[in-house]
Amino acid sequence: MKDKYLPSSYLEISVLIFVALCVVFGVTESRVNIEWFEQVYVVEDGFIEWLTVLALVAVSGSMFYRYFRLSNHKPRLFRLTLLLIGVLALFGAGEEISWGQRIFNIESTAFFNAHNSQQETNLHNMVVNGTKINKLVFSKLLMVAILLYLIAFPIAYSQSAALKNFTDKVAGVAVPKLYQVFFFLVFLGLAWLCPSGKRAELIEFSSCTMFLLIFLYPLNNLIYEEKEKRQPAFVPDLKENNTFASCRRGK
């Protein structure tokens, strides 16, 4: 019962401690030395950004691995879910580093120079009719979807047998544990204590890492088994039956 709601491995606990230290340190530094925080700690292609990329790549790799391992054991929608999450996580990692543009010193095209708020080759910084895609889609709408997934979905899953069956056997959706939801919200709240607009980097890092834990250690982790575990068949105790029969004959 405990493992259903709390961390069940040393890796989970270690990741939680590491993320907590990074977020608390970042918030503290943003209030003590905001220049160092913005220009070193959460700078583009810096420490926090690469940790975010690492978490997204790990999510993508784990989903692709499960997709190929379970390709002959799960229904089509289940496999599609794994594939879609893997692709989205890989897309997020590519967007985070502008598809290697700064790494390989690639110049942006005229289109991105004109329509990207940072003149980079990515979609999340695009500006359409004066509206930043990052603020509309990747901030507001995405946050609403995440909160529904973290709060409303687990409640509905626990209350509806039909939804639980569909989630586990057909759709293959990972259900977050209670501690994962709790720390996701805690890290989000801590990041908002940062006075800098670069707090978004801390939010992205903590959120992506918590999603890594959710997908690696979900509440319904048995859905990733190749074959469902069945209850052992009832085997009558022959010795007990023979004893009973002997007593009957003795009478």
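Select one label from [x] 29, 21, 18; [y] 47, 21, 16; [z] 33, 19, 17: the one whose number is semi-axes √(5λ) of the Cα gyration tensor in Å as derived from the coordinates shown.
So the structure-derived entry is [y].
At a 10 Å Cβ-Cβ cut-off, how would you order Val181, Val40, fewest neighbours first?
With the sparsest Cβ surroundings first, the list reads Val40, Val181.
Can you show me the helix-derived [θ] at 222 nm for the chain, built from DSSP H runs with n ≥ 4 at -39,500 (n - 2.57) apiece and divided by the number of residues, rounded to the nearest 500.
Helix contribution divided over all residues of the chain: -17500 deg cm²/dmol.
Have a look at Phe68, Phe112, Ser207 and report the one farthest towards the positive end of the charge dipole of the chain, computed about the Cα centre with Cβ charges (Lys/Arg +1, Asp/Glu -1).
Phe68
Angle, helix 76-96 long axis vs. longest principal axis of the chain, Cα atoms, 0 to 90°, nearest 10?
Relative to the chain, helix 76-96 is tipped by roughly 30 degrees.
How big is the charge dipole of the chain about its Cα centre, in debye rounded to the nearest 20, if each Lys and Arg gets +1 on its Cβ and each Asp and Glu gets -1 on its Cβ?
Magnitude of the dipole: close to 1800 debye.
Report, in listed order, any pair from Lys132/Lys198; Lys132/Lys177; Lys140/Lys169 with a Cα-Cα distance greater than 24 Å.
Those over the limit are Lys132/Lys177; Lys140/Lys169.
With +1 assigned to the C-beta of every Lys and Arg and -1 to the C-beta of every Asp and Glu, and no other charges, what is the dipole magnitude of segment 1-125 about the Cα centre in debye, to the nearest 20?
1040 debye
Each value in this text was obtained by applying a stated rule to the coordinates, not by laboratory testing. Quick caveat, the model's predicted, so the values are computed rather than measured. Cβ atoms come from the backbone with ideal geometry, glycine included; neighbour counts cover every protein chain shown.
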